[in-house]
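J.: The structure follows.
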Amino acid sequence: MSIAPNTADLDRVRDLAAAEDFAAAASAYALLDPNPDGTRALFGAMEAPAAANLLAAITDDVKAREVLLWLPPELAAPIVSDMPPAGAARLFAGLPSDERADLLAALDDERRAAVQALLPAEARADAARLLRYGPDTAGGLMQTELLSFPVGATVRDAVRDLRANHATYAAIGVQYMYLVDPQRRLVGVVPLRDLMLASENATLDTLIRRAPVAVRDTAMAHDLSLVFDEHPFLALPVVDERGLLLGVVNRADASEREQEKAEDDYRVSQGIVGGEELRSMPVAIRLRRRTAWLGVNLVMCLGGAAVIAMHQQTLAKAIVVAAVLPIVSATSGNAAMQAAAVSIRELTLGIVVPGAWRRVLMHELALAMLMAIPLGVAVAGLSRLWGAGWRVGAAAGLAMSLNAVVAIAIGALCPLVLRRFRVDPALASGPISTTLTDVSGFALTLTLVAFAA
């Protein structure tokens, strides 16, 4: 594990940059023996224009590229956007193909076009191919740098090439060599360890593993993870529909993308939409990403508020209801989330399909009945304890029981309905289930208590 530079040293670099002495700041940064942790801590606390000037002042392009590789794309993109396109293109040209494509994708359209136009022809064409793929596909995750040979090549040919280009191959982390036919269709894979043990006069096709495991360029990140789980490979070749070799996707990159996807889903579930948020981002962007969900949430909550507003007289006559409502709401909401979690899990495993709602509902209702009775008795007892009459207490208890059944039904069915409409149930089930449960809980409690009071 890398150890971040001392905070005082980072502050000194930051102070020099704040004084616009970027040459001195770059020199001080280089003396820190920078690593990923220290680099993220330094650049993440700086405004984009200052960070861009500091990056441009780093005279060693290898070190400057390390900065871009160590920073998350969401942080690197605004920094690159404040650099002259020619300077950004010079750094991008030396990046691995997959990292270059990720950074280009993070830029806005105008800046991306400006930087891409200044790339060398091969890098420009390579970036254009990768940018056509979605970020969650094998094509979007692959790197096009790989080691390939024609089937008739010998071990001696491969060894000579490895020695002549060892620095290049080491930089891209070559683990396998790929054999292709004249049309560049994938024929086989040779692990480097097998190459080292073979006779120099042997042809590579005697070492290949026929019917190699490969993935389509359109395969999703989740599918890649499943393939890697089934096989102990460090990388997988990526092919198109004709079997042509396009690139290689690494196990580490597939795992990282799966983790990023989970983090994206979590952020959306917590109300941050539109991508990753960092506190170094402009306030306008952060405001838009947060208020987008809060506005939707506010509209959804109006239903519950409207129900309460319609029953002000009930609240005035039976003030104990004000204490009971949060209990009904919270308990029913938790019951809905439990049912939703089971449905999401079964959908993920393929145990149920959206059309199986009747079976899901029948199983949940049987459980809901057993849970509803003790919950209703508990709420009725609490209402009596807090001074409510027996009629009001019974009404509150009945409302709790009925709403528990409704909540569990909503929680169980909501993921199935969302999946039917191709909405990720893991993201939307919680807010929808809890809001509907709140509305039904308020309506049942206030209506029943109004009749009993």
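Readers should treat all values here as calculations from the given coordinates under stated rules, not as data from a laboratory. These numbers were taken from a predicted model, which means no experiment stands behind them. Don't worry about glycine lacking a Cβ; one is built from the backbone with ideal geometry, like all the others, and counts go over all protein chains shown.
J.: Please work out how much length the chain gains when fully extended from His166 to Ala153, using 0.36 nm per residue of separation minus the C-alpha to C-alpha distance, in nm with one decimal.
T.: 2.8 nm
J.: Quick one: length gained pulling Glu122 to His363 fully straight, 0.36 nm per residue minus the C-alpha distance?
T.: The span from Glu122 to His363 would gain 80.8 nm if fully extended.
J.: Turning to a different aspect of this structure: Quick one: length gained pulling Ala114 to Thr218 fully straight, 0.36 nm per residue minus the C-alpha distance?
T.: Length gained, Ala114 through Thr218: 34.7 nm.
J.: Can you give the longest stretch of the chain with no exposed loop site, where a site means trypsin sites (Lys or Arg not before Pro) in a DSSP loop (not H, G, I, E or B) with at most 15 other C-beta atoms within 10 Å?
T.: 280-421
J.: List the chymotrypsin sites (Phe, Trp or Tyr not before Pro) within the range 405-451 that fall in a DSSP loop (any state other than H, G, I, E or B) and whose Cβ has at most 13 other Cβ atoms within 10 Å.
T.: Phe421
J.: A follow-up question, please. Quick one: Tyr178, Tyr133, fewest Cβ neighbours within 10 Å first, how do they rank? List each step's numbers first, then the result.
T.: Numbers: Tyr178 23, Tyr133 19.
Fewest to most other Cβ atoms nearby, the residues stand as Tyr133, Tyr178.
J.: Neighbour counts of other C-beta atoms within 10 Å: give me Met177, Met369 arranged from fewest to most.
T.: Met369, Met177
J.: Which order do peptides 101-107, 114-120, 435-441 fall in by mean Cβ count within 10 Å, highest first?
T.: 435-441, 101-107, 114-120
J.: Determine the relative contact order of the range 1-116: mean sequence separation of Cα pairs under 8 Å and six or more apart, normalised by residue count, in whole percent.
T.: Values: 111 pairs, mean separation 26.1, N = 116.
Contact order relative to length: 22 percent.
J.: Now for a separate question. Using only alpha carbon pairs under 8 Å that are at least six residues apart, calculate the relative contact order of the chain and give it in whole percent. Please list the in-between numbers first.
T.: Details: 617 pairs, mean separation 48.2, N = 453.
Once normalised by length, the contact order is 11 percent.
J.: Follow-up. Need the C-alpha centroid separation for the range 317-349 versus the range 56-129, integer Å.
T.: When both Cα centres are located, 48 Å separates them.
J.: Now a separate question. Label Arg132 and Glu256 with points 7 Å out from Cα along Cα→Cβ: what is the distance between them in nm?
T.: Inter-label distance under the simple model: 2.5 nm.
J.: Peptides 220-226, 361-367, 235-241: what's the order by average Cβ count within 10 Å, highest mean first?
T.: 235-241, 220-226, 361-367
J.: Moving on to the next point. When DSSP beta bridges are limited to those with both residues in the chain, what percentage is antiparallel, rounded to the nearest 5?
T.: 75
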